[in-house]
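All remarks here apply to the structure that follows.
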Amino acid sequence: MEKRFFELRFHGKGIEYFKIIIVNLILCIITLGFYYPWAKAKTLNYLYSQTSFENQPFVFTGTGNEMFRGFIKAFIFIALLYAAVFTAVFLGNGGLVQITILVIYLIFIAIIPLILHGSYRYRMAKTQWSGIRFGYTGNRSELVKLFYRDLFFTIITFGIYGAWFSMNLRNYILGHVQMGNAKFKYKGNGGDFFVLNLKGYLLSLVTLGIYIFWWQKDLFDYYINNLSLSDNEGNMYCKSSATGGEFAGLLIVNFLIIIFTLGLGYAWVVTRTLEFVMNHILLKGDIDFEKLIQTQPDYSDATATDMADIFDFGFVV
Amino acid sequence: MIDQYTVLFYDGNRSLPRKARIELSDQNIYLFDEDGTNIDNGVAYPLNNCSYSYLENRLFVYLEKSAHPYFVIDQTNPFYEELSNQLTNQKKVGWYEKLLQQKWLSLCIILILLISIFYFILTEILPITTVRFISSNQESTIGEKIYQSIITESKIDSAATIQAQHFADQLKLSNKYKISVTVLKEDEINAYALPGGHILINSGILKIMDHPEELVALLGHESTHINRRHSLKGLISNMGLSLFQAIAFSGMGGVGDLILKNASTLRQLSYSRSLEREADLEGMNLMLENKVDPAGMKMLLSHLQKSIKTSIPNFSFISTHPLTQERIDDANKLLLKHINATTQKQPELDIIWGLLKKESKEAH
């Protein structure tokens, strides 16, 4: 097949998304938060259905019921942790409280790779395009080993190794994402990433923060340009076309929207940003997307995803 | 006629679509290949199991929960309208769908009403009802815990604390609670009360006072917060609010969070204003009970006002403390009422006051 450009677009409207957010909020308040898993499913359904690749929308097939099951498990787990802290406080022993909190921190750090693994498995299995499931094929113990090894290096280098940590994690996770039989690949390099951030940090200081937008652009470039997709016959490469000036425009307007609407404009911030991102990714290659085959299994355990939500850490991608 | 029913069919095994014909009968969808053979052995897909979405004038109909197989029908297809209507009629309409049909403005109003109701319950009803279940002893235990955590982070002026406590012991400030005074080495002009009896006074506020009556006024004010369990109520409503925030708004983006934060600031303005006023008036009554000249309150407030003027300009509207001038006016009104009240100079207080002033000067 000849090389050509592929089209990725976001069609969502701020006002539509705004209504979804408000309705979800209303239902979450009435149900004291128990509606959350369904709210999340509705939100993802909308955002996926408004994103198209080659004229076909993505589909999120996860359901509120699945996520509710995970939500309850995650909730019980966290309630136990809280109960431990409260017991320690009520026993009134300062030393005991500190030990309990320390143990909880350790548990928290220990489960991060498990949460990452589980949420990728769920989210990818529930992502579909042209009837073809995505999938995450990473191995849990490999990810756990990588995570602890790099965490250790990061601690003993006072955070400097963090750049390598971040890239190794990204290389591993994205390198195990598939779209049917086509495989993603990310080739980030810790050294490059470190230099990029060091440069961004120093120049932002020197320019009193103005460079932050160009730093963002460099990060975006780095995340996009190193990503590719291949099947047996061809490849597709991603390239960012965003400029620092455009990033400045996006982020400043987003900031103003949030400030002047007292946060109510959040929906527009999301839709504008998604539109910006999709419009600034060029995709070129010779994969025949009509030849994808269903290869990835379904997976419906959403515990890790819910745990990630409760602990509030963003998705890595 | 056959062309009308032609759709693009994705079978869920391959990404390659093929043309197919659909037929709708008895609320079921049947699919055929172009040559007329049944797809999936003529399986009937019930309409009410299907989900669908629209994108760019096309209707995407997902035949099963797994979202595959599915087909796409273009708006130009004459069958589009009918299929679209049938699907809409079949759709289970829950609360979510009903709400989503409303106008955005009505939705905002519903949301704001709901938040206000919960807000009222958590900040007004919950504290008043729960404090009844908390005994003074439990309250003191809670206050003691907060006290311990505060004093590990600040420096205590021990000499001044002894004198201030001695000073407070000469007065009758509370029937229920043991008032215990602590002076902190802090320049900020402030003092506050904890549930159960602790009063914390920054050395900064002692510096701006000239008369022992002002300290009585301050103690009277803070004791009122304690006697009326203001801080306990505040504590409970804060806990209720943060719990509410955590469960109802978790992961819902910035919206709920921001609304609540704004509401919280506004509430603190009015709530604490009314509480401060109450503490001023009741504090003056305590002064009268102790036969101390209530004019001390006015002097204290005037000193506060002066010190505020000499420091940074104060944007009173947004300040959580009521306007000092308003408070002075209120104090004046009460003073007029009690113009004939019997007060007497109390030599004990004067002596301790002298020592306290000396201590705080030496400390700086």
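The values are calculated or read from the model by the stated rules, or taken from the named source; none is laboratory data. Only a predicted model underlies this, so the values are computations on that prediction, with no experimental measurement involved. As a convention, Cβ positions derive from the backbone with ideal geometry for all residues, glycine included, and neighbour counts pool all protein chains shown. All accessible areas refer to the heavy atoms of the entire protein, side chains included, with ligands and DNA or RNA removed. Shrake-Rupley method; radii C 1.70, N 1.55, O 1.52, S 1.80 Å.
Ordering B:D40, A:D221, A:D150 by accessible area with a probe of 1.4 Å, largest first, what comes out?
Highest to lowest solvent-accessible surface, that is B:D40, A:D221, A:D150.
Between rounded, prolate and oblate, where does chain B land on the alpha carbon gyration tensor, with a ≥ b ≥ c its root eigenvalues, rounded for a/c under 1.5, else prolate if a/b exceeds b/c? Walk me through the numbers before you get to the answer.
Numbers: a/c = 4.14, a/b = 3.79, b/c = 1.09.
It comes out prolate by the Cα gyration axes.
When the other protein chains are added to the chain by itself, burial of at least 50 square angstrom of heavy-atom accessible area (probe 1.4 Å, ligands and nucleic acids ignored) affects these residues of segment B:44-64: B:L55, B:E56.
Counting only protein heavy atoms and using a 1.4 Å probe, what share of the accessible area of segment B:2-92 belongs to carbon plus sulfur, as a whole percent? Exposed carbon and sulfur together represent 42 percent of the surface. Pairs of Cα atoms nearer than 8 Å and 6+ residues apart set the relative contact order; for segment B:2-92 it is 25 percent. Could you give the DSSP H helices of chain B that reach 15 angstrom or more along their long axis (alpha carbon positions) and whose average Kyte-Doolittle hydropathy is no lower than 1.0? Correct list, ordered by number: B:104-120. Solvent-accessible surface (1.4 Å probe) assigned to A:Y46 amounts to roughly 20 Å².
For chain B, the relative contact order is 12 percent, taking Cα pairs closer than 8 Å that sit 6 or more residues apart in sequence and dividing their mean separation by the residue count.
Against chain A, whose longest principal axis comes from its Cα atoms, helix A:244-260 is set at around 50 degrees. Normalised by the number of residues in chain A, the average gap of Cα pairs under 8 Å and 6 or more apart makes the relative contact order 27 percent. Stretched out straight at 0.36 nm per residue, the stretch from B:E56 to B:Y192 would grow longer than its current Cα-Cα span by 42.8 nm.
For peptide A:28-38, the mean count of partner chain Cβ atoms within 10 Å of a residue's Cβ comes to 5.
Compute the angle between helix A:266-279 and the longest alpha-carbon principal axis of chain A, please, reported from 0 to 90 degrees and rounded to the nearest 10. Roughly 40 degrees, rounded to the nearest 10. Each listed q (0.07 Å⁻¹) maps to a log10 I(q)/I(0) for the protein assembly as shown, found by the Debye formula over equal Cα scatterers with no solvent: -0.66. Bridgeable lysines around B:K19 (alpha carbons under 19 Å apart, same-chain partners fewer than 8 residues away excluded): A:K291. Of all lysines in the structure, those lying under 20 Å Cα to Cα from A:K73, and not within fewer than 8 positions of it along the same chain, are A:K40, A:K126. Compared with the dominant principal axis of the Cα atoms in chain A, helix A:36-49 is inclined by about 10°.
Pairing chains B and A buries close to 4000 square angstrom of accessible surface in total, based on protein heavy atoms and a 1.4 angstrom probe. Legend: mean number of C-beta atoms from other chains within 10 angstrom of residue C-beta atoms, peptide B:8-16, equals 6. Entry comment: accessible area of chain A is 48 Å² per residue, from protein heavy atoms only and a probe of 1.4 Å. For the peptides A:55-63, A:286-294, A:105-113, A:119-127, residues were scored by their other Cβ atoms within 10 Å and the scores averaged per peptide; the highest-first order is A:119-127, A:55-63, A:286-294, A:105-113. Placing B:T130, B:T152 in order of accessible area, with the largest value first and a 1.4 Å probe, yields B:T152, B:T130. Under 1.5 on a/c is rounded, so check that first for segment A:217-317, then, if it is not, pick prolate when a/b is larger than b/c and oblate when it is not; a ≥ b ≥ c are the square roots of the alpha carbon gyration tensor eigenvalues. Verdict is oblate for segment A:217-317. Using Cα positions and a limit of under 18 Å, work out the aspartates and glutamates in reach of B:K358, with same-chain residues fewer than 8 apart set aside. Here the aspartates and glutamates satisfying the reach criterion relative to B:K358 are B:D157, B:E186, B:D187, B:D210, B:E213, B:E214, B:E348, B:D350. Tally Lys/Arg at +1 and Asp/Glu at -1 over every other residue whose Cβ is under 11 Å from the Cβ of B:A20; what's the total? Net local charge, B:A20 excluded: -3.
Counting only other chain Cβ atoms within 10 Å of each residue's Cβ, the peptide B:91-99 averages 3. Surface listing: A:R149, A:R272, B:R327 arranged by accessible area from highest to lowest gives A:R149, A:R272, B:R327, probe 1.4 Å.
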